[in-house]
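A short write-up of the structure that comes next.
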Amino acid sequence: MANLIQLLPDHVANQIAAGEVIQRPASVIKELVENAIDSGATEVKLVIRDAGKTLIQVIDNGCGMNEIDARMSFERHATSKIRSADDIFKILTKGFRGEALASIAAIAQVELKTRQHDSELGTQIIIEGSVIKGQQPVQSSQGTSFAVKNLFFNTPARRNFLKSETVELKHILEEFLRVALVHNEVGFRLNHNEIDVYSLPAGNMRQRIVSIFGKSFNEKLVPVEQETTIANIRGFVCKPEHSKKTRGEQYLFVNKRFIKSSYLNHAIQASYDELIEKGSFPTYFIHIDVDPASIDINIHPTKTEIKFQDERSLYAIIHAAVKQSLGMYNIAPSLDFESITRFEISPVRNNTEIRMPEIKVNPDYNPFKTSPSGGQGGGRSAPSAPGNPARDWEDLLRVQREFQVPLENEVKMMEENRLIPEEKEEVTQQGVGVCIQLNNAYIVSNIKSGLMMIDQQRAHERVLYERFIKQLNNQDPVSQSTLFPEQIELSPLDYALVLDLAPSLEKAGVCIENFGNNTIVVNGLPAEANQLNARNFIEEMLEQLKHHRADTRLGTKERLALSMARPAAIKSGKKMSQPEMEQLLHELFMCEVPHYTAKGKPVIVTFTREELAKKFD
């Protein structure tokens, strides 16, 4: 019987490894740019065509490679970063596995040119699908140039899974900025389709942030710096008044490596408690330097997740450092014992007689006594003269009877408006009786079977969600033109996302114009959101899109409709009038699925008479 288990050919094994390491053009850029940083480069140029599908070229002035190293660099598990297993626990370089170049060469056409500073000639290697087509000496500048052409040319199925050029460019910018922000000592240049997107000279951390996000960021930044035996914290956070409805610019680095950590992110967010409103997010650029032996970065192929030995202590340090910076620059409220209001008491003079305080009371004062001017006596009226005590009591009883009549009428009205007697219900077409609002968050109404409670925010979200879905399905959009078009400056990633969604947003009533330089102009909003601020609506919509991006249960249109419905919906805490509540319920019961939100959360909760009766047992 023939053997069933066989070794895979190298080119097949490389293609399988490429599936983990190289997912899209942005993955190639991440690996090549990080290699350029590890080579000691001070200048890195990135050239891309068609969002990386046609060409990705990374040029650096680093140490370069000789002809043997150039050839070995494309072998699997070949690396200059580590020599033994112990080195894994003290890594300070970006890459170390030795799989990146082999994986890239397996699914693309690669041309490498490299020269060391002490060599007269460099080396050129051409590889297609892990097959070396040629190697020869050439004239080249010091450093290394990687040109990756026709990504996934030999795996068309994976190429078909790539998104639009705008989406892929957004991912490229995301990876580029994660490296450029933490390596401000290196000059970067990004060119896409013959257009310079970024030209970032070397400088300090603040200069790099301002170069990327604009001059307006300079006055928003608050420096953070803290040195401890566990970790050194440095970087910048933005002032609370510049918080956004989208997570946008939140960057956390450990040993000059970008990481994702919801736990440490919460430490920074908690520092802004009572400084920013709920649903807003601060902007920050925090660098953490720790002992490499105290972290494990070899737990994920993309190396964006890290394990810490003492994560709780790090949480406390970051939280305290950010809070201290906000207080130091008089941004957070602080208690100043020197400025507390004092009671100014004049000193007692010598030979002054000390008297006990006296309280003077007029025993004849009657608040119900009619004053000579014809008005009722009160707190500000002059005390009336002593009168007949019997007449005073008669006046008091008369006033009590006058106030008692409207009180009885009010109780009678409350009895008539009780929800329990069915014969007094004001039943609408949906069988809903009189509505009342509870805690400015829930609408309560009696029904024949008992009691019904509706979450007003979720109900309105459901109504708007189905309305936006209909508009996105090529129906006529309903847009309300803004009185004055509003310019909104976005981060490069949000800017690319909005431009990609612009045609769909227009169908839903959001009229957006590209103003260039990461800026859009909002000319109109959906009629349902005409009362909202355009900036808040766009930012919250983008945050919701990012939040629902990984939800596979929803399609593209459903995610967009849900992301637009959330900021436009009535919020919990808004007081609603009786007609508003009735209109909302009418629209809710006209929906296809009124009882649940698009995410499957309940909108309506009912209580039967039996369930209510048990509460009083």
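Under a crude label model (7 Å from the Cα following the beta-carbon direction), how far is Thr228 from His77 in nanometres?
Once both label points are built, they end up 3.9 nm from each other.
Considering only DSSP states other than H, G, I, E and B, which chymotrypsin sites (Phe, Trp or Tyr not before Pro) in the stretch 514-617 qualify as loop sites with at most 12 other Cβ atoms within 10 Å?
Values: sites: Phe515, Phe537, Phe589, Tyr596, Phe607, Phe616; in loops: Phe589, Phe616.
Passing sites in the stretch 514-617 are Phe616.
By the scheme Lys and Arg +1, Asp and Glu -1, what is the net charge of all other residues having a beta-carbon under 11 Å from that of Phe153?
On the way: positive: Lys53, Lys149, Arg158, Arg159; negative: Glu128.
With Lys, Arg at +1 and Asp, Glu at -1, the neighbours total +3.
Considering the Cα trace of the stretch 171-285, what is its radius of gyration and what is Dmax, both in angstroms?
Computed over the Cα atoms of the stretch 171-285, radius of gyration and Dmax are 14.8, 48 Å.
Which three extents, in whole angstrom, do the alpha-carbon atoms of the stretch 509-617 cover along their principal axes, largest first?
Taking max minus min along each principal axis of the Cα atoms, the stretch 509-617 gives 67, 35, 24 Å.
Plugging the Kirkwood radius over Cα pairs into Stokes-Einstein for the stretch 94-237, at a temperature of 20 °C and a viscosity of 1.002 mPa s, what D comes out in µm²/s?
Working: Rh = 18.7 Å.
Calculated translational D: 115 µm²/s.
Using a 1.4 Å probe, what is the accessible area per residue for the stretch 127-232, in Å²? Walk me through the numbers before you get to the answer.
Values: 5190 Å² over 106 residues.
It amounts to 49 Å² per residue over the stretch 127-232.
Estimate the FRET efficiency between Asp617 and Tyr596 by the formula 1/(1 + (r/R0)^6), using the beta-carbon distance for r and 22 Å for R0, to the nearest 0.05. All intermediate terms of the calculation are to be shown ahead of the outcome.
On the way: r = 31 Å, r/R0 = 1.41.
It comes out at approximately 0.10.
Could you list, bin by bin from short to long, the percent of Cα-Cα pairs of the stretch 456-565 in 5 Å steps?
Spelled out bin by bin, the stretch 456-565 gives 2, 13, 23, 27, 20, 11, 3, 0 percent.
Kindly rank 240-246, 308-314 from highest to lowest mean number of other beta carbons found within 10 Å of each residue. Present the calculation step by step, with values, prior to reporting the outcome.
Details: 240-246: 18.9, 308-314: 15.6.
By packing density, highest mean first, the sequence is 240-246, 308-314.
Where the Cα atoms of the stretch 132-171 are projected onto their three principal axes, how long is each span, largest first, in whole Å?
38, 24, 9
Report the Cα centroid-to-centroid distance between the stretch 563-617 and the stretch 27-59 in angstrom, as an integer.
Comparing the Cα centres of the stretch 563-617 and the stretch 27-59, I get a distance of 52 Å.
Would you kindly find the accessible area of Leu438, with a 1.4 Å probe and non-protein molecules such as ligands, DNA and RNA excluded, rounding to the nearest 10 Å²?
Leu438 has an accessible surface of roughly 70 Å² with all protein chains in place.
Might you work out the accessible area of His192 for me, using a 1.4 Å probe with all protein chains in place, and round it to the nearest 10 Å²?
20 Å²
Taking a 1.4 Å probe, which of Cys63, Cys238, Cys511 shows the most accessible area, and what order do the others take after it?
Numbers: Cys63 75, Cys238 5, Cys511 45 Å².
Highest to lowest solvent-accessible surface, that is Cys63, Cys511, Cys238.
Filter Lys575/Lys614; Lys575/Lys615; Lys256/Lys307; Lys170/Lys245; Lys245/Lys571 down to the pairs with a C-alpha to C-alpha distance above 23 Å, please.
Details: Lys575/Lys614 31 Å; Lys575/Lys615 28 Å; Lys256/Lys307 15 Å; Lys170/Lys245 20 Å; Lys245/Lys571 15 Å.
Cα-Cα > 23 Å for Lys575/Lys614; Lys575/Lys615; rest within.
Return the loop-located trypsin sites (Lys or Arg not before Pro) in the stretch 466-575 (DSSP other than H, G, I, E, B) with at most 15 other Cβ atoms within 10 Å of their own Cβ; answer none if there are none.
Working: sites: Arg467, Lys470, Lys507, Arg535, Lys546, Arg549, Arg553, Lys557, Arg559, Lys571, Lys574, Lys575; in loops: Arg549, Arg553, Lys571, Lys574, Lys575.
Sparse-neighbourhood loop trypsin sites (Lys or Arg not before Pro): Arg549, Arg553, Lys571, Lys574, Lys575.
Putting +1 on Lys and Arg Cβ atoms and -1 on Asp and Glu Cβ atoms, find which of Ala565, Pro526, Leu545 reaches farthest to the positive end of the dipole of the stretch 464-575.
Ala565
For Ser572, Ser103, write out the residues from largest to smallest accessible area, computed with a 1.4 angstrom probe and no ligands counted. Can you show the working numbers first?
Values: Ser572 70, Ser103 0 Å².
In descending accessible area the options line up as Ser572, Ser103.
Among the listed pairs Lys323/Lys601; Lys163/Lys278; Lys244/Lys507, give every one whose C-alpha distance is greater than 29 Å. Provide the component values of the computation, followed by the final result.
Values: Lys323/Lys601 36 Å; Lys163/Lys278 34 Å; Lys244/Lys507 26 Å.
In this structure, Lys323/Lys601; Lys163/Lys278 exceed 29 Å between Cα atoms.
Between Ala270 and Lys571, what FRET efficiency follows from the Cβ-Cβ distance if R0 is 22 Å, with the result rounded to 0.05?
Details: r = 23 Å, r/R0 = 1.05.
Once the sixth-power term is evaluated, E becomes 0.45.
Counting Lys and Arg as +1 and Asp and Glu as -1, each charge on the Cβ, what is the dipole of the stretch 159-292 about the Cα centre in debye, to the nearest 20?
Values: 18 positive and 17 negative charges, 58 e Å.
About 280 debye.
The values are calculated or read from the model by the stated rules, or taken from the named source; none is laboratory data. Bear in mind the structure is a predicted one, so any value in this text is a computation, not a measurement. Quick reminder, even Gly has a Cβ in these numbers, built from the backbone with ideal geometry, and neighbours come from all protein chains shown. SASA here: full protein model, heavy atoms, side chains in, ligands and nucleic acids out. Shrake-Rupley method; radii C 1.70, N 1.55, O 1.52, S 1.80 Å.
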